[in-house]
Amino acid sequence: MDKDSLYTQFDAVFFEKSRLSIITILFQDDTVSFNRLKKITGGSDGQVYGHLQKLLDAGYIAQKKEIADNRANTFYHLTKKGRETFRGYLKIIEKTISENKS
């Protein structure tokens, strides 16, 4: 794989900075609430919701709504597609780093 293909390997939904951050968080923590994602990313309700919706529509993440103490909470996790795509991304990054060690 040549260097130029890194930028075309992943679609714009996956490879956008804020969404890639959300995917990274979900990869590390498995299941995360909307409020926690908002806190970690520093985004507004609308910004985070918009990014999550694009990731949902692309099939990278899934959501689960729960009610606890009369409050609705929404939790997100990576789908199989999201986890596999992120692992592929990591492999490319690792290969790039190993090929460019000085």
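One table, with the values for the structure above:
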quantity	calculated
Selection count, the stretch 53-72, where residues are under 13 Å from the mean Cα position of the chain (by Cα) and closer than 17 Å to Val32 by Cβ	8
Residue match in the stretch 50-57 (condition: at pLDDT 95 or above, more than 18 Å from Leu78 (Cβ to Cβ) and part of a helix (DSSP H, G or I))	yes
Residue among Phe75, Phe86 that is under 11 Å from the mean Cα position of the chain (by Cα) and among the aromatic types (Phe, Trp, Tyr)	Phe86
Lys3 more than 14 Å from Leu56 (Cα to Cα) and either surrounded by 14 or more Cβ atoms within 10 Å (Cβ to Cβ) or modelled with pLDDT of 95 or more (or both)	no
Residue match in the stretch 41-52 (condition: of a type in the set (Val, Ile, Thr), more than 11 Å from the chain's Cα centre (by Cα) and over 14 Å from Ile22 (Cα atoms))	no
Any hit, the stretch 62-85, residues being under 22 Å from Asp11 (Cα atoms), in a loop (DSSP other than H, G, I, E, B), out of contact with any Cys (no Cβ under 8 Å at 6 or more places or on another chain) and not hydroxyl-bearing (Ser, Thr, Tyr)	no
Exclusive hit being surrounded by 14 or more Cβ atoms within 10 Å (Cβ to Cβ) and either touching a Phe, Trp or Tyr at 6+ places or on another chain (Cβ under 7 Å) or not in a loop (DSSP other than H, G, I, E, B) (or both), set Leu26, Leu90	Leu26
Any hit, the stretch 16-33, residues being out of contact with any helix residue (DSSP H, G or I) (no Cβ under 9 Å at 6 or more places or on another chain), among the acidic types (Asp, Glu) and at pLDDT 95 or above	no
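The values are calculated or read from the model by the stated rules, or taken from the named source; none is laboratory data. Everything quoted here is computed from the prediction, not taken from an experiment. Heads up, the Cβs are rebuilt from the backbone with ideal geometry, glycines too, and the neighbour counts pull from every protein chain shown.
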